[in-house]
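First up is the structure itself, then whatever we jot down about it.
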Amino acid sequence: MTNYDYTFKIMMLGDASVGKTSLTMRYISGYFMEDLKLTIGVDFYSKTTSFKDKKVKLQIWDFGGEERFRFLLSQYSKGANGAFFLYDITNQTSLDHLPDWTQVIREHAGEIPIMLIGSKVDLHDFRAVSRDDGILAAKKYNLASFVELSSKTGENVEKAFNVMTEILFEKYSH
C-alpha cells in the first residue's frame, strides 16, 4: 500500500460532450482517445503526482454531463476538494450552463475551488466563445482560475492540473 501526503478529490463537470473524459484520459494516459463513449453516471480515475516534494494522489470524478444524471451530482459532490467546469469553446450554450452547475456544487461541496476550462481550442476556426468571455465568466462566478486547453493536442492539459493542484495545496495543506 502506498502512502500519500495528500489526496484530493476533483470533480469534472459540464454539459455532455464538452470533453471531460477526453481531458481526464489525456491527463492520466498522455494520449488523446477518439470515439470515447458517453459517461453514464460517474467514472473514477486517479493519478499520483508530486508537488513541492510531497506525494499527491488526485482522484478524478468524471461526471456524466447529460441532464438525466444531474440528480447524482449533489450526492457525489460531497467531500470534493475542487472541480473543473468545462465548456466547449465552439458551443456558447455549454458556458451558459455554468451558474446551474456551480450552484449545485457550492450547495453540496461548499466553497471549493472551481476552475473554468475552455476546451477544444484546437477547433479555433469554429470558436463561438471568446477567451475574454471565459475570463469574464470566471470572474463573475468567483471561480479559482481559468484556462483554455486542447485534450487533442495536449495544449495546457498539464498546466490545468498543476494549477488546480497548487490551489488545492494552498487551501488544504495548512
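The Rg/Rh ratio of the chain, with Rg taken over Cα atoms and Rh as the Kirkwood radius over Cα pairs, comes to 0.94.
As an equivalent ellipsoid, segment 75-174 spans semi-axes of 23, 16, 11 angstrom, where each value is the square root of five times an eigenvalue of the C-alpha gyration tensor, largest first.
Label-to-label distance, residue 140 versus residue 174, with points set 7 angstrom from Cα along the beta-carbon direction: 3.1 nm. For the listed peptides 9-16, 28-35, a ranking on the average number of other beta carbons within 10 Å per residue, highest first, reads 9-16, 28-35. Between the helical axis of 131-140 and the longest alpha-carbon principal axis of the chain there is an angle of about 60 degrees.
Taken along the Cα-to-beta-carbon direction at a fixed 7 Å, the label points for residue 47 and residue 100 span 2.9 nm. Only helices enter the 222 nm calculation for the chain: every DSSP H run of n ≥ 4 contributes -39,500 (n - 2.57), and dividing by all residues gives -10500 deg cm²/dmol, rounded to 500. Mind grabbing the base-10 log of I(q)/I(0) for segment 1-102 at q = 0.12, 0.19 Å⁻¹? Debye formula, identical points on the C-alpha positions, no solvent, two decimal places. Summing over Cα pairs of segment 1-102 leads to -0.42, -0.97.
Where a number appears in this text, it was derived from the coordinates with a stated rule and is not lab data. Since the structure is predicted, the reported quantities are computational estimates derived from the model, not experimental observations. Quick reminder, even Gly has a Cβ in these numbers, built from the backbone with ideal geometry, and neighbours come from all protein chains shown.
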